[in-house]
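Q: If you scroll down you'll find the structure; I have some questions about it.
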Amino acid sequence: DQPNGAHVAVLSDALWKRFYGGDPGMIGRSISLSGDAYQIIGITAPEYKMEADPPIDVYIPFQIDPNSVDQAHYFTAVGRLKPGVTLGMAKAQLQLAADEFRRKYPGSLAMGPRDGFSVQPMREIIVSNVRPSLLVLAAAVGLVLLIACANVANLLLVRATGRRREIAIRAAVGAGRGRIVRQLLTESVLLALAGGILGLALGIAGIRAMLAVNPGSIPRIGPHAAYVELDGQVLAFTLLVSLVTGVLFGLIPAVQASRVDLTAILKENSGRSGTGFRQNKARSLLVISEMSLALILLIGAALLIRTFVALRSVDSGFDSHNVLTMNTSINSLRFHKTASVAQLIRDGLQQIKALPGVEAAGTSCCLPLQGGYGLPFIIVGRALDGPSHGGGGWRSVSAGYFDVFKIPILRGRDFTDRDDGGAAPVAIINQAMARQFWPKGDPLSDRIIIGKGVGPEFEEPARQIVGIAGDTRDGGLNRNPFPTMYVPAAQVADGVTALNSRIRPVVWVVRTRVPPYSLGGPIQNVLRQATGGLPLGQIRSMDAIVQQSTARQDFNMLLLTVFAGAALLLAAIGIYGLMAYSVEQRTQEIGIRMALGAETGDVRRMVVRQGMTLALIGVAIGIGAAFGLTRFISSFLFGVKAWDPAVFTLVPLLLSAVALFAVWFPARRATRIDPLDALRYE
């Protein structure tokens, strides 16, 4: 891993088997990477999988002089702790090393973390960005589970009520209460286990659907991952959840059913008696809880749907339509000088622009929406309050880049082919940078020095600001534009080019007059000719990249909407079931009311009033709970507040309307009861 060291490579087990059939004789042989020969010195173990999408197939040493990037704080070291060494112990030891480092090399950590070296477990790094999403989705699953369990508990209560005479007779002939409870609990647990088995079957199909829909931005899930499967842990967890829910939600119906008044029940003429709201408190409370939980999920889904709409309508600052992108890897000693990279870009763009259907073409080190580099800068002639005036995004682009994305040059001029290594150094800044650092002045009259103090490889002369470009959302559609500096690719310092070629490809961007992918083949052919056969990859339209940039939010929205839809359906079934059972239980009462002169409208209103009272109580509780809980998804929202008035008005109305629809059918059935039949009903 020393500068100018041997060109060696380690292949992944997957690549070794896929391309070379697992031939052990590949060790010691050479392969060509970006036109350079690399000797294969090893193969990774089959179980070794670096978290990356697409997966990493070839590993080579990072050969660079450490002194040339002394202030570059974007490198990460990885290590495995010795047995018995905790993370806290490692942090303490590294803190001592950082203190010694500061004493030995004063100023070297000036841009680093205040506490020295930052230490994190690899697992934390892998899942930290998606942990909030996974927690929210897990909470949504939990709410749906609670609603389903409430529905099952209601069914068990109804079933237990219908078996009161059976239970009373068993108690009369000597069956103890504990034995009755155990029998009813056993039935509920068996029911839960059957549901768990069915859930596993649905889970297999669900995983396949999730892998097909998932954007690949969630670690260990996606088209290149093979981690997600129904293994022993998942089966054990499903069994445990089934048992626990079967016991917890079967216990209340079992205990209530075991509390029998033998004399009263055995004297009844039938297994049914008139029961109202107060006599069905347990069932009513379960329905209320279903409604409130469903409302929480519906509000969360509605907020994410509004975020989805807002992201689709936000101004990205560039036009992504009819733009094709592709990468050329230049990790070769041939391209460690800016002049050679500039010649490569000129030759490639000349060939691309000659193709029919091409409107404009350019290159960049980074694409919009995909982040990029950040470097400090100073403004020549302006007093400093610190080591620099500020920092901003940094992008090396060719002439034509702004034309491809239709990014307007608001003041000044665009880059041209004349802005090469022999011309005066120039730069273009975006509006955000102009507003922040020149609120009243004129940037076009100033020069800036980019990368001052970062390291000798980044030293460069002052650049004249020649233009102000429109803002683009380079950090993502849900992030505001940040200050950004553009420099001509042909004017980048050689040291930066040498580093850049190791870690970034050249990104070709082409605006077409025809469907972008129709030019994919011709562009690849001319680029291979122009670059001497350098490998091309990541051939994508910019529209696809824009869609991918919000894929995780879209995925969360889709799943939460599915869960909310399931919750809405379960809540509607729950209140329908309760009211249908209530009407059945009150058949004689309704018949008597109608025999005494009650109108069908009175009966309908009575049933609707009872059902909607439960629904509205649940909605009111759900609104209060949602006010407190939606703050946990505020980080997922864009263009909408966590307490959005429209959502908190329309969603409760929707749930109330669904509840009214569910209640209406039992109410209509109640009005069709014949008084004479009702009086004889048992």
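Q: Looking only at region 503-540, which residues are crowded, with 17+ Cβ neighbours inside 10 Å and of a type in the set (S, T, N, Q)?
A: Thr512, Thr531
Q: Another one. Among the hydroxyl-bearing types (Ser, Thr, Tyr), touching a Ser or Thr at 6+ places or on another chain (Cβ under 9 Å) and either under 30 Å from Val380 (Cα atoms) or surrounded by 18 or more Cβ atoms within 10 Å (Cβ to Cβ) (or both): which single residue out of Thr561, Thr472 fits that description? Working first, answer last.
A: Values: Thr561 fails: touching a Ser or Thr at 6+ places or on another chain (Cβ under 9 Å).
Only one candidate passes the filter, namely Thr472.
Q: Under 7 Å by Cβ, and 6 or more places apart or on different chains, what pairs join a residue from region 347-368 that is in a helix (DSSP H, G or I) with one that is surrounded by fewer than 16 Cβ atoms within 10 Å (Cβ to Cβ)?
A: Within 7 Å, the pairs are Gln351/Gln529.
Q: Anything in region 17-50 that is closer than 20 Å to Ser329 by Cβ and either without any contact (Cβ under 8 Å) to a residue 24 or more places away in the chain or of a type outside the set (Ser, Thr, Tyr) (or both)? List them, or say none.
A: Arg18, Phe19, Ser30, Ile31, Ser32, Leu33, Gly35, Asp36, Ala37, Gln39, Ile40, Met50
Q: While we're here: What number goes with the only condition from (1) over 27 Å from Thr338 (Cβ atoms); (2) modelled with pLDDT of 90 or more that Asn556 does not pass?
A: With (1) over 27 Å from Thr338 (Cβ atoms); (2) modelled with pLDDT of 90 or more applied to Asn556, the lone miss is (2).
Q: How many residues are over 18 Å from Gly300 (Cβ atoms), assigned to a helix (DSSP H, G or I) and of a type in the set (Gly, Ala, Ser) when one looks only at region 520-571? Before the answer, list the steps.
A: Start the filter on region 520-571 by keeping residues that are over 18 Å from Gly300 (Cβ atoms), which leaves 520-549, 551.
When the remaining residues are screened for being assigned to a helix (DSSP H, G or I), the result is 520-531, 542-549, 551.
From what's left, of a type in the set (Gly, Ala, Ser): 520-521, 530, 544, 549, 551.
Residues that pass the stated criteria total 6.
Q: Now for a separate question. Would a scan of region 465-479 turn up a residue that is within 30 Å of Leu637 (Cβ to Cβ), within 40 Å of the chain's Cα centre (by Cα) and among the acidic types (Asp, Glu)?
A: Of region 465-479, the ones within 30 Å of Leu637 (Cβ to Cβ) are 469-479.
Pick out the ones that are also within 40 Å of the chain's Cα centre (by Cα) and you get 469-479.
The next check asks that each one be among the acidic types (Asp, Glu); those that pass are 471, 474.
Taking every residue of region 465-479 in turn, at least one turns out to be within 30 Å of Leu637 (Cβ to Cβ), within 40 Å of the chain's Cα centre (by Cα) and among the acidic types (Asp, Glu).
Q: Please work out if Ala493 is buried (at least 19 other Cβ atoms within 10 Å of the Cβ) and at pLDDT 85 or above. Break it down stepwise before answering.
A: Working: buried (at least 19 other Cβ atoms within 10 Å of the Cβ): yes; at pLDDT 85 or above: yes.
Taking the combined requirement at face value, the residue satisfies it.
Matching residues to (1) at pLDDT 80 or above; (2) under 30 Å from Phe648 (Cβ atoms); (3) in a loop (DSSP other than H, G, I, E, B):
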position	(1), (2), (3)
Ile207	no, no, no
Val228	no, no, yes
Leu248	no, no, no
Gln256	no, no, no
Val287	yes, yes, no
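Q: Give me a count of the residues in region 22-65 that are within 27 Å of Gln538 (Cβ to Cβ), assigned to a loop (DSSP other than H, G, I, E, B) and either at pLDDT below 90 or aliphatic (A, V, I, L, M) (or both).
A: Qualifying residue count, region 22-65: 18.
Q: Does Ile428 meet the test of being surrounded by 18 or more Cβ atoms within 10 Å (Cβ to Cβ), touching a residue at least 60 places away in the same chain (Cβ under 8 Å) and assigned to a strand (DSSP E or B)? Before you say what the answer is, go through the steps one by one.
A: On the way: surrounded by 18 or more Cβ atoms within 10 Å (Cβ to Cβ): yes; touching a residue at least 60 places away in the same chain (Cβ under 8 Å): no; assigned to a strand (DSSP E or B): yes.
So Ile428 fails the test.
The values are calculated or read from the model by the stated rules, or taken from the named source; none is laboratory data. Worth saying up front: this structure is predicted, and the values here are computed from it rather than measured. Neighbour counts are summed over all protein chains in view; Cβ atoms, including those assigned to glycine, are modelled from backbone coordinates with ideal geometry.
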